[in-house]
Amino acid sequence: MKKLLLLSVVVGSLYCVFKIATLPPSTAPDLTAGPPLEATTPTPTQKLATQKKESILVPYWALGQYDISTIPYDTIYYFGLAVDEKGIVINDPGYMNLAYTNCPNDKICVLVLRMLNNDANKKILADPKLQTKIIDDSITIANKYYYSGVALDLELSELFNSEITTQITKFVQQYYTMLHKDYKTLSFITYGDSYFRKRPFDTKSIGESTDEVMIMAYDFHKSYGEPGPNFSFDEKSKYGYDFKQMITDFSGDVSREKITVIFGMYGYDWTLNKQGTPLKRAEAITLNQITNSKFQITNQYQNSNSKERRIEYIDQQKLKHVIWYENKESAEVKTQYLQENGIGSVSYWAWGYF
């Protein structure tokens, strides 16, 4: 009996050794390994590997000047349809030029709804039936011209107002629901200074009810104000806000995977008096116009903190001018910062400006 028991133990041991030896490499136990390692949080250097995705906004006035099929970006945002108190404006150039926006086969195309009139926007936000009509009509147009989604460019000059904020959030939620039923996406275009100037947007709620939040990282210094950078990279102590703080604010409320930062490839040209203050409202000037102009330049440099370009020149009337503008070098510095912080999607305003 003892011999039989001993034989069973030996056979059992040999069977276990045989099973371990014949396990596939991926499942065979490592008898020398210690306890499993805990998962680690990616370091900033690992986040630098975030892949950059680039897109472009194409304004309706650029159609006909450029061949849309030659655009070297994967996604095109057509800017786009206008609205008023009656709905989508069909005699607007943006609507009439839709026939020239055939989406190239290798691109993704998104239709931008331009809500730029402050008074009209307030009336639309107060009228749920009008909102539904605008949403329905924009989806019909998007289907007709093969757009994969809609980007809502809703601009308001109001400061924070709880009633308007609630109206905006409900409008966005309804738009998102109706677009998704039609298998289309919703992007929301918003101001880069939304937090700084306390604009009436619940960014967290909007981020939850959209597929993408597009941040306009330009126009921090207004044409009717003092000269300054389009959107300074790292000068919060000087201007009260900067690009870095903007990214901190938005990424605190919106998933980084949903964020796209739009760079304005243009600047403002201020005419100055002898005291160095503006004589009149600044004029917008594109990067192409700046590059191709022949200024009588007295000073120019790439600012080390804003990262943007600054030019001083004298005009034919002997008046001093100053131009601040975004260029490819400054946009690249900001893009690298975004990648270091887990944001890979950038866009440019606009096709034809650079």
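Of Y146, Y176, which residue is aromatic (F, W, Y) and assigned to a loop (DSSP other than H, G, I, E, B)?
Y146
Does P72 meet the test of being surrounded by fewer than 16 Cβ atoms within 10 Å (Cβ to Cβ), more than 21 Å from Y176 (Cα to Cα) and not charged (D, E, K, R)?
yes
Is it fair to say S232 is more than 25 Å from A284 (Cβ to Cβ) and of a type in the set (S, T, N, Q)?
So S232 does not fit the description; no.
If a residue has to be assigned to a loop (DSSP other than H, G, I, E, B), modelled with pLDDT of 95 or more and not small (G, A, S) to count, how many in the range 279-302 make the cut?
Residues meeting the conditions: 3.
Out of the residues in the range 67-117 that are part of a loop (DSSP other than H, G, I, E, B), β-branched (V, I, T) and in contact (Cβ under 8 Å) with a residue 24 or more places away in the chain, state the one that is farthest from I56 (Cα to Cα).
Restricting to residues being part of a loop (DSSP other than H, G, I, E, B), β-branched (V, I, T) and in contact (Cβ under 8 Å) with a residue 24 or more places away in the chain, the top hit is T101.
(1) farther than 24 Å from A331 by Cβ; (2) surrounded by 15 or more Cβ atoms within 10 Å (Cβ to Cβ); (3) among the polar types (S, T, N, Q): which one isn't true of N118, the others all being true?
(2)
Could you please give the count of residues in the range 96-122 that are of a type outside the set (A, V, I, L, M), more than 18 Å from F201 (Cβ to Cβ) and touching a helix residue (DSSP H, G or I) at 6+ places or on another chain (Cβ under 8 Å)?
Summing the residues that are of a type outside the set (A, V, I, L, M), more than 18 Å from F201 (Cβ to Cβ) and touching a helix residue (DSSP H, G or I) at 6+ places or on another chain (Cβ under 8 Å) in the range 96-122 gives 5.
Return a yes/no flag: does the range 234-245 have any residue that is without any contact (Cβ under 8 Å) to a residue 40 or more places away in the chain, basic (K, R) and farther than 20 Å from W349 by Cα.
For the range 234-245, residues without any contact (Cβ under 8 Å) to a residue 40 or more places away in the chain, basic (K, R) and farther than 20 Å from W349 by Cα: present.
So, in the range 342-354, how many residues would count as being under 18 Å from I189 (Cβ atoms) and either in a helix (DSSP H, G or I) or aromatic (F, W, Y) (or both)?
Residues that pass the stated criteria total 4.
So, in the range 319-341, how many residues would count as being part of a loop (DSSP other than H, G, I, E, B), more than 15 Å from Q245 (Cα to Cα) and not charged (D, E, K, R)?
Counting residues in the range 319-341 that are part of a loop (DSSP other than H, G, I, E, B), more than 15 Å from Q245 (Cα to Cα) and not charged (D, E, K, R) gives 2.
Among the candidates S232, S223, S194, which residue alone is modelled with pLDDT of 95 or more and within 22 Å of T166 (Cβ to Cβ)?
Answer to the check: S194.
From the residues in the range 193-218 that are under 14 Å from the mean Cα position of the chain (by Cα) and assigned to a loop (DSSP other than H, G, I, E, B), which one is surrounded by the most Cβ atoms within 10 Å (Cβ to Cβ)?
The residue in question is A217.
What are the residue pairs meeting all of these: first residue in the range 150-168, first residue closer than 17 Å to I189 by Cα, second residue of a type in the set (V, I, T) and in a strand (DSSP E or B), Cβ atoms under 6 Å, and 6 or more apart or on different chains?
Listed by first residue and then by second, the contacts come to A151/V110; A151/V112; A151/I189; D153/V112; D153/I189.
Which residue pairs have Cβ atoms under 6 Å apart, sit 6 or more places apart or on different chains, and have a first residue in the range 248-260 that is farther than 15 Å from L186 by Cα and a second that is surrounded by fewer than 22 Cβ atoms within 10 Å (Cβ to Cβ)?
Partner pairs satisfying both residue conditions: D249/Y195; D253/T203; D253/K204; D253/G207; R256/G342.
The values are calculated or read from the model by the stated rules, or taken from the named source; none is laboratory data. Quick caveat, the model's predicted, so the values are computed rather than measured. Note that we place each Cβ from the backbone using ideal geometry, even for glycine, and neighbour counts take in every protein chain shown.
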